[in-house]
Amino acid sequence: MSMDESKIISAAGGQESQSRGRKKSWQGKVVSDKMDKAIIVVVERRVQHPVYKKYFKKTTRLMAHDEKNEAGIGDLVKVVECRPLSKRKSCRLVEIIEKAK
């Protein structure tokens, strides 16, 4: 069996889970939980300015699916990417790392 034949066999349905890449995951803070089964998570990252080399914060707002409505405002959570669930929602809640006080 040549290399091309083995690729065709594995792509046809042999070992699909092995060929898929890893899903991205983010850790952030919940800023809104007003929707049903959905939360807004703010992910903060530090980037370096290309010319001046100073580090500054950039934030990304992600809408995530929360099946049990268990996350609240201020919670530190972990979300992972998934298939699109709606127009803006393509992440789901994996775990609540730390509850807000």
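A few remarks follow.
- On the stretch given as the stretch 82-94, residues that are loosely packed, with under 13 Cβ neighbours inside 10 Å and in a strand (DSSP E or B) total 0.
- Subset of the stretch 1-58 [modelled with pLDDT of 80 or more and of a type in the set (A, V, I, L, M)]: VAL30, VAL31, MET35, ALA38, ILE39, ILE40, VAL41, VAL42, VAL43, VAL47, VAL51
- Scan of the stretch 36-81 for residues that are under 18 Å from VAL94 (Cα atoms), aliphatic (A, V, I, L, M) and not in a strand (DSSP E or B), ordered by number: ALA71, ILE73
The values are calculated or read from the model by the stated rules, or taken from the named source; none is laboratory data. Owing to the predicted nature of the structure, the values given are computational and were not obtained by experimental measurement. FYI the Cβ positions are ideal-geometry reconstructions off the backbone, even for glycines, and counts take in every protein chain you see.
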